[in-house]
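Have a look at the structure below, then the notes.
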Amino acid sequence: MLTTGAAVTNVTALAQVDREKIYQWINELSSPETRENALLELSKKRESVPDLAPMLWHSFGTIAALLQEIVNIYPSINPPTLTAHQSNRVCNALALLQCVASHPETRSAFLAAHIPLFLYPFLHTVSKTRPFEYLRLTSLGVIGALVKTDEQEVINFLLTTEIIPLCLRIMESGSELSKTVATFILQKILLDDTGLAYICQTYERFSHVAMILGKMVLQLSKEPSARLLKHVVRCYLRLSDNLRAREALRQCLPDQLKDSTFAQVLKDDTTTKRWLAQLVKNLQEGQVTDARGIPLAPQ
């Protein structure tokens with residue numbers, strides 16, 4: 001019993017030491033001399049300290065220091081001269097902002113301060129070098145953390161920004177990982193009723209989304225990725241919930257989603273197979289056919 005008590009005391013003491021270190025690193029963010037190491041250490045601890053986000057948000061000068069790290073990188077974007085060291089450092093700052101974006105106590109204030117907008121210049125970059133890919137992926141991770149919460153205020157905020165065209169561009173030409181996160185963000189926007197209505201409000205918005213999804217299907221038929229395909233199919237299925245979009249999809253849904261192109265890729269993915277079957281069913285419902293069951297062209 002004594003041993004157990006001693007062990008508990010040691011664990012508590014260790015936790016207190018860790019906590020003191022966290023406070024120290026947060027303080028060190030305010031000084032340019034100590035900031036780089038503090039960013040590295042805190043980004044490592046973000047999963048294991050549940051209340052790190054409120055600590056970061058409410059401590060003096062911390063968010064300003066993180067934004068300074070972001071703004072300091074802007075000159076390296078154009079012309080694209082970002083180094084691996086610069087990319088790693090700013091991505092540690094972005095990881096801490098992701099922590100703030102994810103936490104229910106700090107999310108609303110994070111949005112009210114329009115902090116996601118500071119990341120958009122990174123999403124505009126097109127350089128294929130690893131430092132830029134890592135920068136884009138980590139920036140997308142912050143937006144992904146916001147939409148993951150399924151909060152209405154997040155979608156309302158994002159719809160006032162240029163996130164949809166930014167995601168569409170990355171979905172067309174990013175790395176597979178970046179494409180996957182960007183498509184996940186679009187999927188989450190579509191799954192919200194306001195987001196679906198926004199995208200289907202004009203033909204231009206819908207056709208831009210449908211065109212990029214179509215290009216992705218074509219690319220996936222050549223270079224399959226089950227994870228990316230899952231998000232693409234879910235986007236199509238959600239679009240089919242809108243009557244006008246459903247009508248348009250009857251004309252422009254890629255043949256690869258109607259035939260057996262992806263049968264092998266989806267062999268063990270019952271969820272995506274079910275979504276795909278539901279999508280095809282949605283597009284067939286209410287369709288006018290001739291006596292042989294062949295769809296008639298719209299008048």
Which label marks the calculated value of Rg/Rh (Cα atoms, Kirkwood Rh), given the options (1) 1.13; (2) 1.07; (3) 1.01? (2)
Given points 7 Å out from each Cα along the Cα-Cβ axis, report the residue 258 to residue 215 separation in nanometres with one decimal. 2.3
Contour minus Cα-Cα span, residue 150 to residue 280, at 0.36 nm per residue, comes to 44.1 nm
Nearest 10 degrees, 0 to 90: what angle lies between the long axis of helix 203-222 and the longest principal axis of the chain (Cα atoms)? 90
Using alpha carbons only, how many angstrom separate the centre of the range 104-145 from the centre of the range 206-257? 25
Give 179/215; 21/148; 128/148; 128/230; 258/281 a once-over and call out the pairs whose C-alpha atoms are over 18 Å from each other. 21/148; 128/148; 128/230
Probe 1.4 Å, accessible area per residue of the range 27-148, Å²: 45
Could you pull out every one of the aspartates and glutamates with an alpha carbon less than 20 Å from that of residue 222, ignoring same-chain neighbours closer than 8 positions? 172, 176, 255, 259, 268, 269
Would you compute, from DSSP H runs of 4+ residues alone, the mean residue ellipticity of the chain at 222 nm, taking -39500 (n - 2.57) per run and dividing by the full residue count, rounded to the nearest 500? -22000 deg cm²/dmol
Helix 226-239: angle to the longest alpha-carbon principal axis of the chain, degrees 0 to 90, nearest 10? 60
Taking the simple approach of a point 7 Å from Cα along Cα-to-Cβ for both residue 37 and residue 86, what is their distance in nm? 2.5
When the chain is treated as a GNM, springs tying every alpha-carbon pair under 10 Å, which of 79, 165, 224 comes out with the largest mean-square fluctuation? 79
Where the accessible area of the chain is counted over protein heavy atoms with a 1.4 Å probe, how much of it, in %, is carbon and sulfur? 57
Would you mind getting me the FRET efficiency between residue 208 and residue 105? Use the beta-carbon distance for r and R0 = 25 Å, nearest 0.05. 0.10
In percent, what relative contact order does the chain have, based on Cα pairs under 8 Å that are 6 or more apart in sequence? 11
Enter the angle in degrees (range 0 to 90, nearest 10) between the Cα long axis of helix 62-73 and the first principal axis of the Cα atoms of the chain, meaning the one along which they spread out most. 60
Relative to the present Cα-Cα distance, how much length would full extension add between residue 58 and residue 120 at 0.36 nm per residue of separation? 19.9 nm
Build a GNM of the chain with springs between Cα atoms under 10 Å: which of 172, 285, 133 gets the top mean-square fluctuation? 285
Run the paramagnetic zone check for residue 169: 7 angstrom along Cα to Cβ, then residues of the range 187-216 with backbone nitrogen under 20 Å. 187, 189, 199, 204-216
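The values are calculated or read from the model by the stated rules, or taken from the named source; none is laboratory data. What you see is a predicted model; the values in this text were computed from it and never measured. Every residue, glycine as well, gets a Cβ built from its backbone with ideal geometry; the counts of neighbours run over all protein chains shown. Protein only, heavy atoms only, side chains kept; ligands, DNA and RNA dropped before computing areas. Shrake-Rupley method; radii C 1.70, N 1.55, O 1.52, S 1.80 Å.
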